[in-house]
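Laboratory data are not the source of any read-out in this text; all were calculated from the coordinates shown. Values in this document were obtained by computation on a predicted structure and should not be read as measured data. Here the Cβ positions follow ideal geometry from the backbone for every residue, glycine too, while neighbour counts run over all protein chains shown.
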Amino acid sequence: MTSRYRSGVPFVELPATPMLPGASPARIHYRAYGPPEGEPLLMLHGGWGYAFYPFDPQIAALPGHRIIAPDRTGYGQSPRIAQLPPRFHNAAAAEHEAVADALGLERYAIWGHSDGAIIALLMAMRRPERVTRVIVEAVHLDRAKPRSRAFFTQMLEAPDDFGPKVVGKLAADHGDDYWRTVLAAGGRAWLDIAATPGDDFYQVDGRGLASIACPVLAIHGVDDPRTEPGELDRLARDVPGIAMHWVTGGGHSPHSERHVSAEVTHVGTSFLRPS
């Protein structure tokens, strides 16, 4: 089953966004599914954009939710940028909060993938009174990622080497004239992140992961190539009451990997619809 947009204009205008300083207004594209009165859920994409790792099976399994899946600035049909801003996860968290406000979402759950998972945890820290539940999938804790350095370098310097199938999917989402910029910006940003390994993604007003008040579920592929050994130990230690679900045979995007997607859908939707 393929979910479709609800009727309505799939853009929201923000007065400004820290993802693109100096631009006003910022016209952010989003996908919307489910009834307007449904329980709100934000779905936040990773560093290659929403369409490369779509959430179609999960959306189909949550027909009663009001699901909003924004293209953050730099991706899809949202404003284009040449490079990601410093501390772009924090900037994206602020942008997503502004989108939720513009759409009248008072309280909402979040399902974030990869970069979107970092952003989801930051949003739970920044607005504990607004975020009800969080799923983080393929989340990152470490900044220095030696096993991924060649991958990020390829994104920056040789994106065509990922092959025609990958290129075709990226071009369909971001445009033939722009998809290389998307990958280069992400690769450059992560190489810069690796250069400051002592910094911390998860600091908000002097508070860390232990300040998260809502229930959190981490879904992670056992074979995720972007994960360093022991990387998730801190998550299990610092986030109060976190539930961890390891997906055997799962890679970096279990929700969209055909052989494990049904498992992820069951685990994720059960968490979002507690009995």
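Structure values in brief
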| item | result |
| --- | --- |
| Equivalent ellipsoid, the chain (semi-axes from 5 times Cα gyration tensor eigenvalues, Å) | 24, 23, 20 |
| 5 angstrom amide H check on residue 39, placed H, neighbours 5+ away | 66 |
| Ascending count of other beta-carbon atoms within 10 Å, so fewest first, for 48, 111 | 48, 111 |
| Unit charges on C-beta of K, R, D, E only; dipole of the chain, Debye | 280 debye |
| The stretch 38-138 - percent relative contact order, Cα under 8 Å, separation 6 or more | 32 percent |
| Rh by Kirkwood over Cα pairs, then Stokes-Einstein D for the stretch 128-237 at 1.002 mPa s and 20 °C, µm²/s | 133 µm²/s |
| In Hz, Karplus ³J(HN,Hα) per residue of the stretch 193-205 (6.51, -1.76, 1.60; θ = phi - 60°; x = Gly, Pro) | 4, 5, 6, 10, x, x, 6, 9, 4, 10, 10, 10, 6 |
| Nonlocal amide H pairs with residue 221, under 5 Å, H built at 1.01 Å | 138, 247 |
| Top of 222, 264, 139 by mean-square fluctuation, Gaussian network on the chain, Cα under 10 Å | 222 |
| GNM result for the chain, Cα springs below 10 Å: residue of 93, 51, 138 fluctuating most strongly | 51 |
| Separation in nanometres of the label points that stand 7 Å from Cα toward Cβ, at residue 205 and residue 171 | 4.7 nm |
| Relative frequency of Cα-Cα separations exceeding 15 Å in the stretch 1-106, percent | 61 percent |
| Selected from 260, 99, 134 as most flexible by GNM, with the chain as the system and alpha-carbon contacts under 10 Å | 260 |
| Compactness index (Cα Rg / 2.2 N^0.38 Å), the stretch 70-197 | 1.11 |
